[in-house]
Amino acid sequence: MCGIIGYCGPKSTVQVLIEGLKRLEYRGYDSAGVCVCGDGPLTCLKRKGKIRDLQGHVPAATDGRWGIGHTRWATHGEVNDVNAHPHLDCEGRIAVVHNGIIENFAILKEKLQSEGHSFASETDSEVIPHLIEKYYAGDLEEAVKKALGLLKGTYGIVCMHVDQPQLLVGARCGSPLVLGIGNEEMFLASDVTAIISHTKQVVYLEDGEVVTITPSGYRTTDMRDQEIEKRVELISWELEEIEKAGFAHFMEKEIFEQPESIKRAMSGRLDHDQATAHLGGLNMSNRDLLNVERVRIVAAGTSFHAAMVGMYLLESLARVPCTVEISSELRYRNPIVERNTLHFVVSQSGETADTLYAMRELQRKGATVLGICNVVGSTIPRESDGGVYIHSGPEIAVASTKAFTSQITVFYLFSLLLGRMRDLSFEAGKRFIQDLQSVPPKIEQILSRSRSILALAEKYCCYKDFLFLGRGINYPVAMEGALKLKEISYIHAEGYSAAELKHGPIALINDETPSVFLVPEDSLRDKIISNMKEVKSRRGRVIAVAVEGDREVEDIADDLIEVPRISEPFYPLLMVVPMQLMAYHCAVHLGRDVDQPRNLAKSVTVE
Ligand code: G6P
């Protein structure tokens, strides 16, 4: 979603802002803008479309000593130059970039208009510079706080005033904001990717906090002006991790990183002597874990599919009843929180508004909520009662791939831990660890056959509709396969339980609707084979993802993608990889914007 960058210091402000915005592109956006100031008035440039379009319109001589930039993902008002950020006050002396939604903007706007303020855009955000203008009496921080006091909704903002050289004020309520500390320079950004090429020292702002920066220092306060001492943290990853490293797209790179990212998710967490797992961040003793009678997992998008795999694992291996819910649904249905139910929220970004609000609702009711997240220092890990980082490294492509397999890996670890406290024997635990460790090299094998999947993608990407069908623990993988395809290639696809086919989707089957069947070597294999035959007998085309050497499946399917043999619970980690590659190659062949698909955002920070 929207991205923010702010800078004050000796470097070329325009360059720092444009570079920062480029690094934020992955979040998804539809327009971009910058505002800089040197010794004269504010120069504000904004443009619908890509950053390169904006860059092309920045006159060569434009620069400044401080400034702000923004990538917009439209919520209020259509996508055009005027609605892009930064937004200005009436006199063009104050500029503001805003992430989030101001829910009471209509009332505020009406009042400001009646007081003589004139608005240029249709956005909710524009009320902020006008409110600051109204309250400004020489102190920007004070005016910002007065303005923020009137807002209802969510925001991460950065503001500048022409009369306050090299000073920026940032504030957060529901949308992330991070301060970057440099040498005689300071940065504000919606996420660290925007500033990591300049500094690794950061301070994460909490809701209700305001920060004022100049090149030589910063001050963090709450809304009542109380100073807040903040911890400076060090970003642990390197700039190279957010570069493409020779791959055509971030998504391709991230698919190929999976053998490594899965190993990182396991690293230091397997206990071979006890045949169990250690997950220190849970903040729970074995006795606490023994008291867990149920697990509820809450998530959105791809993370929801990982949560569904987690449910199958926890029930089958740890024998603990488990439910999974879409976070946006859970929040508004007044969820019942039962004693001894352990809650997980799963989120790659740790910022998804639906999931964050669901977590807060559960915590308000007294639930213990653990996070399974990737982005270190993001809101969910900071507010949850404990959790597990998946350590995938930055995931830049909007379509999630390596985070999915690492989230699942964490569920394997947690199921092993809980299972070993219940009825999973030492021997079974040992075998489980061996199987889990055999996954990365098996994924390497699948990746080495990427070219054959490319050929399949070229053959099939002209079709308009697809069905993805799996059963049991691979049913959520079928859903994930369908999601990947629709997200990045814009081909319509549905993921279903293969058994459910006969209850409706079979009506869609003809020679123009191919079906992708996931056929692992498991207890449901024969039933899936029957489902495949049902499709074939209706002239449907079948692409099967099956185990190497499965001749029966090969005979039925029109096309076959082979995966190595592994024991039953681990197939999701193998089966999903061809789905990711298939979606990727279809999207590339169709000329889609693979890493930044239309209308989508990497981290959805509004409801
Ligand atoms: C967005 C992204 C998806 C992602 C979902 C949940 O919709 O486009 O790729 O799966 O949010 O994100 P989270 O960061 O909470 O896992």
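For this structure, a couple of remarks:
- Condition check for GLU19 on (1) open to solvent by 30 Å² or more (accessible area, probe 1.4 Å); (2) modelled with pLDDT under 95; (3) not in a loop (DSSP other than H, G, I, E, B): one failure, at (2).
- Subset tally (residues that are over 18 Å from SER384 (Cβ atoms) and under 28 Å from the mean Cα position of the chain (by Cα)) for the stretch 270-284: 3
- Pairs meeting the criteria (first residue in the stretch 477-505 and closer than 18 Å to ILE528 by Cα and free of Cβ contacts under 8 Å to residues at least 60 places away in the same chain, second residue acidic (Asp, Glu) and in a helix (DSSP H, G or I), beta carbons under 8 Å, at least 6 apart or on different chains) are GLY495/GLU480; LEU501/GLU534; LYS502/GLU534.
- Listed conditions (1) at positive phi; (2) touching a strand residue (DSSP E or B) at 6+ places or on another chain (Cβ under 7 Å); (3) not aromatic (Phe, Trp, Tyr) are all met by ASP207, apart from (1).
- Restricting attention to the stretch 325-356, the residues that are open to solvent by 30 Å² or more (accessible area, probe 1.4 Å) and in contact with a helix residue (DSSP H, G or I) (Cβ under 7 Å, 6 or more places away or on another chain) total 5.
- Taking the conditions (1) open to solvent by 40 Å² or more (accessible area, probe 1.4 Å); (2) touching a helix residue (DSSP H, G or I) at 6+ places or on another chain (Cβ under 7 Å) in turn, GLU500 satisfies each one other than (2).
Yes or no, residue by residue, for (1) within 14 Å of the ligand (Cβ to nearest atom); (2) farther than 16 Å from VAL410 by Cα; (3) touching a residue at least 40 places away in the same chain (Cβ under 8 Å); (4) within 22 Å of the chain's Cα centre (by Cα):
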position	(1), (2), (3), (4)
ASN286	no, yes, yes, no
VAL295	no, no, yes, no
VAL298	yes, no, yes, yes
GLY301	yes, yes, yes, yes
PHE304	yes, no, yes, yes
MET308	yes, no, yes, yes
MET311	no, no, no, yes
GLU315	no, no, no, no
CYS322	no, no, no, no
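- Test result for VAL588, within 16 Å of the ligand (Cβ to nearest atom), under 28 Å from TYR26 (Cβ atoms) and either in contact (Cβ under 8 Å) with a residue 24 or more places away in the chain or more than 19 Å from the chain's Cα centre (by Cα) (or both): no
- Positions within the stretch 405-436 being surrounded by fewer than 20 Cβ atoms within 10 Å (Cβ to Cβ) and in contact with a Gly (Cβ under 9 Å, 6 or more places away or on another chain), in sequence order: ALA428
- ASN291 fulfils the conditions (1) open to solvent by less than 80 Å² (accessible area, probe 1.4 Å); (2) in contact (Cβ under 8 Å) with a residue 40 or more places away in the chain except for a single criterion, (1).
- Residues in the stretch 7-16 that are of a type in the set (S, T, N, Q) and either open to solvent by less than 10 Å² (accessible area, probe 1.4 Å) or within 16 Å of the ligand (Cβ to nearest atom) (or both): THR13 alone.
- Test: residue in the stretch 129-150 that is within 16 Å of GLY208 (Cα to Cα) and in a strand (DSSP E or B): no
- Residues being buried (at least 20 other Cβ atoms within 10 Å of the Cβ) and away from the ligand (no atom under 12 Å from the Cβ) - total across the stretch 593-607: 1
The values are calculated or read from the model by the stated rules, or taken from the named source; none is laboratory data. Everything numeric here is computed off the predicted structure, so don't read it as measured data. With ideal geometry, Cβ positions are generated from the backbone for all residues, glycine too; neighbour counts draw on all protein chains shown. Remember, those area values only see protein heavy atoms, side chains included, never the ligands or the DNA or RNA. Shrake-Rupley method; radii C 1.70, N 1.55, O 1.52, S 1.80 Å.
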